[in-house]
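Asks: A single structure is presented below for examination.
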Amino acid sequence: MNAAIVVHDGGGERSFGTDDLPLVVGGGPEAQIAAPEFGGSDILALLSIADDAPFVQPGPTGVPVTCNGRRIDTSCWLNDGDVIRVGTVSIHCEFAPRSIDFRVHRASAETDDAASGVPDPPEPAEIEPIDIAPAERGHEGRFARFRTPRAIFAAVLTPFVVFGWYLFTARSVHLDIRPDPDRVSVSGALLHFALADRHLLRAGPYTIRAEKAGYRALDSQIEVGDEAIQSFSFTMDRLPGRLSVSTPRVVGAEVRVDGERVGVTPLADVEVDEGRHALRVTSTRYLPHASEIFAEGGGAETRVEIELLPGWAEVSVGSVPTGARLWVDGEEIGSTPLTAELLAGSRKLEIRLEGYKSSTRVLPVEAGEPQALEPVVLEPADGRLSLRSAPPRADVVVDGRFLGQTPIEIPLTPDRPHVIQLSRPGYESASRTLTVRSREVQPLRIRLAERRGEVQIVTVTPGSQLFVDGVARGEANQQISLRAVPHVLEVRKEGYETHRVKLTPRPGLPQRLRVRLLTRAEAELADIPRRSTTSQGQAMSLIGPASFTMGAPRREPGRRANEVERRVDLERPFYIATKETTNLAFREFAAEHRSGLFDRFSLEGDEYPVVQVTWEEAARYCNWLSRRESLPPAYSLRDGRLMATQPLTTGYRLPTEAEWARVARYAAGEEPLKYPWGPAFPPEQASGNFADASAARTVVALLPSYTDGHPVTAPVGDFSANELGIHDLGGNVAEWTHDHYEIPVGSIAQLGSERSGSSPTRADPSGPPDGKYHVIRGSSWRDSSITELRLSYRDYGRGRREDLGFRIARYAK
């Protein structure tokens with residue numbers, strides 16, 4: 001409590017703080033209220049505060065202390081308006097929320113005596129003096145006269161001084177123990193005063209011990225500090241219950257409480273927590289017992305008696321003949337006939353007797369349900385067949401049942417015929433019928449005849465060798481006889497890929513095997529998938545190596561000067577898109593691109609070829625698609641321009657001019673194709689999207705007798721593909737190629753004259769390293785002349801056109 005304490009004494013005021021407590025009412029007739037260091041000789045009463053409330057306590061002098069006229073012998077709580085009387089002093093209590101006022105009044109002697117109820121003493125009688133002759137005493141006697149009363153006074157005063165000192169130096173300690181204990185003791189205190197759950201203790205360590213029936217005794221250490229008021233809280237633990245379990249007529253049954261093993265019966269005084277518990281009792285050969293129990297806490301005993309039920313049943317077993325040994329679950333228990341106690345469950349019973357077959361059965365046993373089984377009639381023991389074959393590992397079937405492979409020993413029922421069949425791939429099957437006697441072992445060896453077939457190997461690769469199952473058999477061109485089982489035949493030659501085939505000869509049916517060995521390059525090409533698909537779903541066809549002539553003969557009608565004939569070798573296999581790139585595919589790369597309109601006709605359809613793209617935009621699209629599929633880009637920036645990476649990577653790119661010419665002109669074989677539809681002009685109907693009658697409003701020159709139904713572009717793949725599966729190599733839109741434009745070496749176009757020369761064969765040409773223009777190949781929906789519709793026609797450009805698009809390609813390896 002932080003209230004100020006003010007004492008009004010004789011018209012004056014004195015203030016005290018909580019550090020000055022307790023206050024002392026002390027002194028003689030002029031009693032006063034002071035702090036503990038008050039130096040008076042008598043302590044009449046103490047004033048102090050505990051739990052934020054003031055109280056008064058009588059002092060050790062025995063002077064009566066009253067509160068509101070009632071004498072008190074122990075501490076007494078004070079309230080506002082209470083009047084305390086101590087000897088001749090009355091103290092009026094006035095309490096406010098933030099102050100405590102003690103007003104001190106002193107009464108006269110007469111008032112004091114009347115108020116206290118003590119009668120006036122009688123007048124003293126007059127005593128006349130007489131002469132006394134005291135005996136002579138030395139100095140020692142004179143001092144002894146004063147020492148004895150002083151010693152007595154000191155002995156009487158010391159306990160009160162110690163008591164006062166203890167009260168002045170003690171602290172108010174509140175012990176909050178739950179639940180309320182029956183007994184509380186404090187060890188370690190020189191003096192100990194208690195008021196209810198309040199204790200006056202000096203600073204230092206103490207041991208608190210509390211006891212209550214049904215709870216564990218509390219033994220705890222506390223450390224009392226210097227604070228005037230201190231509190232310590234404790235909780236006493238309730239004792240668990242005690243469980244006792246008995247199982248009459250069964251000793252040693254295991255007891256588990258809540259799944260934990262606690263002992264065996266008879267079980268006594270096992271501690272269990274108060275509440276409900278799962279009890280399980282088990283014993284060998286008895287049914288398990290499970291129940292729920294309620295244990296009272298506080299040391300109360302719970303007794304449980306359990307009658308365990310037998311977990312077995314009596315089973316009677318007999319045999320014909322008798323004297324057989326009975327085995328139960330792999331353990332021998334006696335000879336037939338016998339009655340045995342078998343545990344409940346599925347039991348495996350086996351009866352054995354020398355010279356007879358064993359008899360086995362699985363018997364369900366229910367606890368407490370006896371059974372008498374029919375006697376088991378034992379059959380005589382089997383005979384045995386020791387079977388061998390040449391060659392070994394032949395399949396064995398006895399009486400229609402497969403039993404394994406030779407060599408093998410087979411048990412057979414005695415005194416009855418059995419059919420033995422042997423078979424092995426590449427050999428004739430064999431069959432025998434035989435009878436064995438009981439306990440006889442009969443040997444049998446059977447030789448199987450081979451089955452062979454004829455195989456003729458024919459190869460067009462001279463010098464090749466034949467291997468059968470890894471063994472060399474000479475020149476490949478020969479006819480051999482082989483056993484009718486699967487064989488691996490190989491035709492080998494240095495520098496060629498080995499031809500390997502698995503073959504089974506058939507007796508009576510000769511077979512012929514034709515083999516053409518492939519060179520390493522041919523075999524490598526054969527291993528590459530014929531089709532490929534981009535991440536956008538565009539189909540691409542594999543094109544293998546080829547040698548051919550580009551350009552057109554000088555006298556071909558419509559030929560231009562830049563179409564010089566020259567030999568080309570394409571050595572690296574490549575993939576080329578079967579269709580031109582669509583608006584939908586390109587807009588995934590450049591969402592803002594628009595192919596636009598032409599003469600009010602839209603070029604924007606999703607499945608229509610993208611147009612109005614520059615060569616560089618087409619190349620950037622190829623790089624974007626390569627990165628999307630983790631392929632190395634085919635183009636890179638050099639001096640601010642997009643140029644081909646050298647050597648060319650396997651990333652997506654535009655087809656080279658030579659690759660475009662290969663798939664357009666040589667799709668059907670070694671003879672070049674003149675027009676997309678064939679050798680003659682004009683085009684056949686449905687040959688492609690050219691400048692036809694439907695485009696009369698959009699083009700100047702057209703094919704008047706030809707109709708394809710498309711005034712401008714058409715959906716890609718709307719017309720038939722060529723022999724390689726490639727669409728629109730003529731018509732629809734012209735196409736950018738990879739190459740920079742140049743007039744081939746060996747030709748001159750000047751003033752309408754031309755002179756051709758010869759040039760060496762070039763391998764995988766990709767055009768000059770630099771240039772102002774790029775090659776454009778193929779006709780478009782705007783073209784109708786013989787010159788433009790020819791597949792050898794070469795154009796060039798650098799900007800956008802409404803009839804110019806592209807398709808993609810890439811090397812396969």
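Asks: Consider the stretch 639-687. How many of its residues are on the phi > 0 side of the Ramachandran plot and either open to solvent by 10 Å² or more (accessible area, probe 1.4 Å) or modelled with pLDDT of 95 or more (or both)?
Replies: The total comes to 4.
Asks: In the stretch 359-374, which residue that is within 21 Å of Pro411 (Cβ to Cβ) and out of contact with any Asp or Glu (no Cβ under 6 Å at 6 or more places or on another chain) is least open to solvent (accessible area, probe 1.4 Å)?
Replies: Going through the qualifying residues, I end up with Ser359.
Asks: Would you check if Ile100 is closer than 18 Å to Ser172 by Cβ, open to solvent by less than 30 Å² (accessible area, probe 1.4 Å) and either at pLDDT below 80 or assigned to a strand (DSSP E or B) (or both)?
Replies: yes
Asks: Since Glu592 meets every condition but one in (1) in a helix (DSSP H, G or I); (2) within 23 Å of Arg641 (Cα to Cα), which condition does it not meet?
Replies: If we test Glu592 against (1) in a helix (DSSP H, G or I); (2) within 23 Å of Arg641 (Cα to Cα), just (1) comes out false.
Asks: Enumerate the pairs (first residue in the stretch 65-88 and over 19 Å from Gln32 (Cα atoms) and open to solvent by 90 Å² or more (accessible area, probe 1.4 Å); second residue anywhere and of a type in the set (D, E, K, R) and in a loop (DSSP other than H, G, I, E, B)) with beta-carbon separation below 9 Å, excluding pairs fewer than 6 apart on the same chain, so at least 6 apart or on different chains.
Replies: Asn68/Asp82
Asks: Now for a different question. Looking at Pro486, Pro462, which one is touching a Ser or Thr at 6+ places or on another chain (Cβ under 6 Å) and loosely packed, with under 15 Cβ neighbours inside 10 Å? Full working, then the answer.
Replies: Working: Pro462 fails: touching a Ser or Thr at 6+ places or on another chain (Cβ under 6 Å).
That would be Pro486, the only listed residue that is touching a Ser or Thr at 6+ places or on another chain (Cβ under 6 Å) and loosely packed, with under 15 Cβ neighbours inside 10 Å.
Asks: Those residues that are surrounded by fewer than 19 Cβ atoms within 10 Å (Cβ to Cβ) and under 25 Å from Ala658 (Cα atoms), I need them from the stretch 566-611; list them, please.
Replies: Answer for the stretch 566-611, where residues must be surrounded by fewer than 19 Cβ atoms within 10 Å (Cβ to Cβ) and under 25 Å from Ala658 (Cα atoms): Arg567, Asp569, Glu571, Arg572, Pro573.
Asks: May I pose another question? So which of Val270, Val264, Val304, Val328 is farther than 29 Å from Gly345 by Cα, of a type in the set (Val, Ile, Thr) and open to solvent by less than 80 Å² (accessible area, probe 1.4 Å)?
Replies: Only one candidate passes the filter, namely Val270.
Asks: Testing Leu804 on (1) surrounded by 17 or more Cβ atoms within 10 Å (Cβ to Cβ); (2) modelled with pLDDT under 95; (3) more than 24 Å from Glu556 (Cβ to Cβ), one condition comes back false. Which one is that?
Replies: (2)
Asks: For residues in the stretch 709-731 being in contact with a helix residue (DSSP H, G or I) (Cβ under 7 Å, 6 or more places away or on another chain) and either under 22 Å from Pro679 (Cα atoms) or without any contact (Cβ under 8 Å) to a residue 60 or more places away in the chain (or both), which is surrounded by the fewest Cβ atoms within 10 Å (Cβ to Cβ)?
Replies: Going through the qualifying residues, I end up with Gly709.
Asks: List pairs: first residue in the stretch 547-567 and over 17 Å from Asp795 (Cα atoms), second residue of a type in the set (D, E, K, R) and surrounded by fewer than 17 Cβ atoms within 10 Å (Cβ to Cβ) anywhere in the structure, Cβ distance under 8 angstrom, at least six positions apart or on different chains.
Replies: Final answer for the pair search is Ser547/Arg567; Ser547/Asp569; Phe548/Arg567; Phe548/Glu670; Thr549/Arg567; Arg554/Glu754; Arg566/Arg762; Arg567/Arg762.
Let's see how each residue does on (1) touching a His at 6+ places or on another chain (Cβ under 9 Å); (2) among the small types (Gly, Ala, Ser); (3) over 27 Å from Ala96 (Cα atoms); (4) modelled with pLDDT of 85 or more:
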{"position": "Gly27", "(1), (2), (3), (4)": "no, yes, yes, no"}
{"position": "Ser41", "(1), (2), (3), (4)": "no, yes, yes, no"}
{"position": "Gly69", "(1), (2), (3), (4)": "no, yes, no, yes"}
{"position": "Ser75", "(1), (2), (3), (4)": "no, yes, no, no"}
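Asks: How many residues, within the stretch 247-271, are without any contact (Cβ under 8 Å) to a residue 60 or more places away in the chain, in contact with a His (Cβ under 9 Å, 6 or more places away or on another chain) and over 15 Å from Ala295 (Cα atoms)?
Replies: Residues flagged as without any contact (Cβ under 8 Å) to a residue 60 or more places away in the chain, in contact with a His (Cβ under 9 Å, 6 or more places away or on another chain) and over 15 Å from Ala295 (Cα atoms) within the stretch 247-271 amount to 1.
Asks: Within the stretch 727-735, is there a residue that is assigned to a loop (DSSP other than H, G, I, E, B), modelled with pLDDT under 95, of a type outside the set (Gly, Ala, Ser) and closer than 28 Å to Arg555 by Cβ?
Replies: The answer is no; no qualifying residue exists.
Asks: Based on this model, can you work out whether Val377 counts as more than 20 Å from Ile420 (Cβ to Cβ), touching a strand residue (DSSP E or B) at 6+ places or on another chain (Cβ under 6 Å), of a type in the set (A, V, I, L, M, F, W, C) and open to solvent by less than 90 Å² (accessible area, probe 1.4 Å)?
Replies: Answer is no for this residue.
Asks: Among the residues of the stretch 173-206, what is the count of those that are open to solvent by 40 Å² or more (accessible area, probe 1.4 Å) and either β-branched (Val, Ile, Thr) or more than 23 Å from Phe55 (Cα to Cα) (or both)?
Replies: Final tally of qualifying residues: 11.
Asks: In the stretch 130-149, is there at least one residue being at pLDDT 50 or above and in contact with a strand residue (DSSP E or B) (Cβ under 6 Å, 6 or more places away or on another chain)?
Replies: For the stretch 130-149, residues at pLDDT 50 or above and in contact with a strand residue (DSSP E or B) (Cβ under 6 Å, 6 or more places away or on another chain): absent.
Asks: Still on this structure, please answer the following. Quick one: which of Ala313, Ala290 is in a strand (DSSP E or B) and surrounded by 15 or more Cβ atoms within 10 Å (Cβ to Cβ)?
Replies: Within the list Ala313, Ala290, the selection yields Ala313.
The values are calculated or read from the model by the stated rules, or taken from the named source; none is laboratory data. The structure presented is a predicted model; accordingly, all values stated were derived computationally and were not measured. Cβ sites come from the backbone with ideal geometry, for glycine too, and all protein chains shown count toward neighbours. Each accessible area value is taken on the protein alone, full model and side chains, heavy atoms only, with ligands, DNA and RNA left out. Shrake-Rupley method; radii C 1.70, N 1.55, O 1.52, S 1.80 Å.
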